[in-house]
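Take a look at the structure set out below.
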Amino acid sequence: MTSTLIAPSMLASDFSRLRDEIKAVEGAGADWIHLDVMDGHFVPNITFGPDVIAAMRPHTDKVFDTHLMIAPCDAYLEAFAKAGSDIITVHAEAGPHLDRSLQAIRNLGKKAGVSLNPGTPEGVLEYVLDRIDLILVMSVNPGFGGQKFIPAVIDKIARIRAMIGDRPIDIEVDGGVTAETAPLVSAVGANVLVAGSAVFKGGSPERAEVYERHIRAIRATANAARV
């Protein structure tokens, strides 16, 4: 069994020190770097775009896990691919042509992900499973960090795990992930955990040992619960 992957969300970092923050979480044991892109339209917040991701890219060779909370998304896929994203995840709710979006991402040479809001049933994945590399299950309503985990997603993750079968698809969870909630989602099939506040809270690039302690705690409880 492979270890649970931890993807710290840069949304919770100090934006004025992105290079230092990336170096710090990389040294603290991050597996991926999670990049939350918000447009103020699909979600009620605005973060950053491809230019900022391109500026971050030279400072690490970790996987850039780009989560597009934007609508429409198709017109921007190429820009995020060129910026250095390794995985590009779009929301099933963001447009009417999910299959087309996933084809476009893969044609750009990137891994393709689909994200589901808490109120979106997993059935929307049924006819695109063979185009997906990653399924991102939102365990909070997207748009802001620091929200409380929604327990109803646990059963949804279990159903998604059953749907996937033997396909090599990662299941990622984003929202309210802590050392306490990590085992709940890992036990039913999640293998990639996004953590923002739970990693960055109380630390800084100068105190990266705080990030390391948080990452280790989340990974340990998650791995203990995986079957």
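The values are calculated or read from the model by the stated rules, or taken from the named source; none is laboratory data. Everything quoted here is computed from the prediction, not taken from an experiment. Note that we place each Cβ from the backbone using ideal geometry, even for glycine, and neighbour counts take in every protein chain shown. All accessible areas refer to the heavy atoms of the entire protein, side chains included, with ligands and DNA or RNA removed. Shrake-Rupley method; radii C 1.70, N 1.55, O 1.52, S 1.80 Å.
Scoring Asn141 on the criteria (1) under 14 Å from the mean Cα position of the chain (by Cα); (2) buried (at least 19 other Cβ atoms within 10 Å of the Cβ) leaves a single failure, condition (2). Given the criteria among the charged types (D, E, K, R), closer than 30 Å to Ser101 by Cβ and free of Cβ contacts under 8 Å to residues at least 12 places away in the same chain, does Asp133 qualify? In short, no.
Scan the range 46-62 for residues that are more than 19 Å from Glu78 (Cβ to Cβ) and either out of contact with any strand residue (DSSP E or B) (no Cβ under 7 Å at 6 or more places or on another chain) or open to solvent by less than 50 Å² (accessible area, probe 1.4 Å) (or both) and the total you get is 5. Among the residues of the range 198-221, is any within 30 Å of Arg100 (Cβ to Cβ), in contact with a helix residue (DSSP H, G or I) (Cβ under 9 Å, 6 or more places away or on another chain), in contact (Cβ under 8 Å) with a residue 40 or more places away in the chain and open to solvent by less than 50 Å² (accessible area, probe 1.4 Å)? Checked the range 198-221: no residue is within 30 Å of Arg100 (Cβ to Cβ), in contact with a helix residue (DSSP H, G or I) (Cβ under 9 Å, 6 or more places away or on another chain), in contact (Cβ under 8 Å) with a residue 40 or more places away in the chain and open to solvent by less than 50 Å² (accessible area, probe 1.4 Å). Confirm whether Arg100 is open to solvent by 80 Å² or more (accessible area, probe 1.4 Å), among the basic types (Lys, Arg), part of a helix (DSSP H, G or I) and in contact with a Lys or Arg (Cβ under 8 Å, 6 or more places away or on another chain). Considered against the rule, which asks whether it is open to solvent by 80 Å² or more (accessible area, probe 1.4 Å), among the basic types (Lys, Arg), part of a helix (DSSP H, G or I) and in contact with a Lys or Arg (Cβ under 8 Å, 6 or more places away or on another chain), Arg100 comes out as no. The residues listed here are Ala7, Ala30; of these, the one that is out of contact with any Gly (no Cβ under 8 Å at 6 or more places or on another chain), crowded, with 21+ Cβ neighbours inside 10 Å and assigned to a loop (DSSP other than H, G, I, E, B) is Ala30. Among the residues of this structure, Val25 does not count as one that is open to solvent by less than 10 Å² (accessible area, probe 1.4 Å) and closer than 22 Å to Ile164 by Cα. Restricting the range 182-223 to residues that are touching an Asp or Glu at 6+ places or on another chain (Cβ under 8 Å) and part of a helix (DSSP H, G or I), the residue that is nearest to Thr2 (Cα to Cα) is Thr221. Within the range 117-162, if we keep just the residues that are touching a Ser or Thr at 6+ places or on another chain (Cβ under 7 Å) and outside any loop (DSSP other than H, G, I, E, B), the residue that is farthest from Gly189 (Cα to Cα) turns out to be Met138. Assess whether Phe64 counts as being without any contact (Cβ under 8 Å) to a residue 40 or more places away in the chain, under 17 Å from the mean Cα position of the chain (by Cα) and assigned to a loop (DSSP other than H, G, I, E, B). Taking the combined requirement at face value, the residue does not satisfy it. Condition test on Pro96, is it at pLDDT below 95 and out of contact with any Asp or Glu (no Cβ under 9 Å at 6 or more places or on another chain)? The answer is yes for Pro96.
Of the candidates Glu180, Glu172, the single residue that is out of contact with any strand residue (DSSP E or B) (no Cβ under 8 Å at 6 or more places or on another chain) and either among the aromatic types (Phe, Trp, Tyr) or modelled with pLDDT of 95 or more (or both) is Glu180. Consider Ala79 carefully, then state whether it is of a type in the set (A, V, I, L, M, F, W, C) and crowded, with 16+ Cβ neighbours inside 10 Å. So Ala79 fails the test.
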